[in-house]
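Written below as structure tokens is the structure these notes are about.
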Amino acid sequence: MLDRLVFAALGGIFGAVLGLLLWWLYGLGQSVRLLTPIQPGAAPWVMYSAATFAFLGFVLKSAVADLLGDTLSAIYKSETEPDPWWVIVVAIALAAVAIWYLATHVWAQ
């Protein structure tokens, strides 16, 4: 039982740090994307993330470290690598604009 409490405490501590990171990334992303930024306080992000990972630490014991690592890896990947479907959408849009331009300006003559 003591080991579960230790893993719950560690999960809560690192979950709080993760919640602070998520709050910062959310605020940064929203301030760039929206004209009126939504700035919720950091407390809910930290509290819910810490509580979630503390619960998972109690239930999963040492596997919570893998879950935290996977979560951080997913956040890093989503922030550094573009989504491939956006590239496809942009390519299709550019192709449609090129065809429209050719059809109305070049081929119409």
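Is the range 22-35 home to any residue that is farther than 21 Å from SER78 by Cα and at pLDDT below 90? So far as the range 22-35 goes, yes, one or more of its residues are farther than 21 Å from SER78 by Cα and at pLDDT below 90.
Among residues of the range 69-93 that are at pLDDT below 85, those with a Cβ under 8 angstrom from a residue that is part of a helix (DSSP H, G or I), sequence gap 6+ or separate chain, pair up as ILE75/LEU21; ILE75/LEU22; ILE75/LEU25; GLU79/LEU25.
The values are calculated or read from the model by the stated rules, or taken from the named source; none is laboratory data. Keep in mind the model is a prediction, meaning the values are calculated, not measured. Methodologically, a virtual Cβ is constructed for each residue, glycine included, from the backbone with ideal geometry; neighbour enumeration extends over all protein chains shown.
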